[in-house]
Amino acid sequence: MAALAHMQQRQLQVEKTGSRTTVPNHSVGRLMYYLKCMTDVLGDCIPAHLTNYSNCYGLSYSDRQVVIEIAKEYPPSKIPLFIPVDDAGDSSNDFLTFSSLEETITALGIQGDGEAMMALRRQVSNQHLFKVMVYEDAWARNNYYGPLRDIQREEEQRRYRQLQAAPSYGSRKKCVSSSVEKCWTSYSPLRPEQLNS
């Protein structure tokens with residue numbers, strides 16, 4: 001048996017592989033969804049409990065902080081497989097899977113008992129290459145920039161409330177030689193001249 005001819009053909013296939021999902025209306029939940037999208041294109045690079053956005057309300061405070069820090073470290077512009085587009089189709093983002101389809105046809109010559117025959121053998125293989133996410137600006141605002149802004153605002157409000165609730169001990173001023181007495185009276189019920197008597 002000898003190969004008479006060999007033909008190989010390769011095609012690049014692109015398939016939409018995104019699906020609809022419901023993301024909680026919760027700042028950290030939206031960031032967890034953002035991280036989940038990262039793992040969908042980059043692989044399992046983030047622990048699953050940090051990307052399980054449906055469980056955002058059960059996340060510990062320390063895990064919440066980790067989610068925020070990872071998100072801050074990796075904005076959409078830093079993820080090469082996140083591609084901004086004007087129109088992502090039916091939703092504001094979608095996933096596209098790229099694969100290579102290879103088809104090989106081999107013609108075989110068979111000889112036996114003085115007769116010759118020809119046979120064709122066809123082989124098809126499909127190899128996954130990579131996955132990308134296309135997204136519109138609205139998606140990035142809703143699931144990345146907006147949640148980070150809201151979290152920052154919440155943190156500032158929390159700090160402000162803590163400052164308001166803290167007991168006031170008077171304002172500390174820099175003492176200079178010309179206003180020692182004025183500064184002293186804000187800390188001590190006794191005036192400097194009373195200490196000398």
Any idea how many residues of the range 104-142 are surrounded by 14 or more Cβ atoms within 10 Å (Cβ to Cβ) and either within 39 Å of the chain's Cα centre (by Cα) or basic (K, R) (or both)?
9
Filtered residue count, the range 43-65, keeping only those that are within 20 Å of L148 (Cβ to Cβ) and either touching a residue at least 24 places away in the same chain (Cβ under 8 Å) or of a type in the set (V, I, T) (or both)
7
Search result, residues across the range 66-88 that are of a type in the set (G, A, S), closer than 26 Å to L129 by Cβ and in contact (Cβ under 8 Å) with a residue 12 or more places away in the chain:
A88
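Looking at A140, A88, A71 in this structure, which one is of a type outside the set (F, W, Y), within 26 Å of G29 (Cα to Cα) and part of a loop (DSSP other than H, G, I, E, B)? So that I can check it myself, show each step before the final result.
Details: A140 fails: part of a loop (DSSP other than H, G, I, E, B); A71 fails: part of a loop (DSSP other than H, G, I, E, B).
Exactly one of A140, A88, A71 is of a type outside the set (F, W, Y), within 26 Å of G29 (Cα to Cα) and part of a loop (DSSP other than H, G, I, E, B), namely A88.
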Report whether or not I83 is under 12 Å from the mean Cα position of the chain (by Cα) and either surrounded by 13 or more Cβ atoms within 10 Å (Cβ to Cβ) or not in a loop (DSSP other than H, G, I, E, B) (or both).
no
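We did not get these values from a lab; they are worked out from the coordinates using the rules stated. Keep in mind the model is a prediction, meaning the values are calculated, not measured. Neighbour counts run over all protein chains shown; Cβ positions are idealised from the backbone, glycine included.
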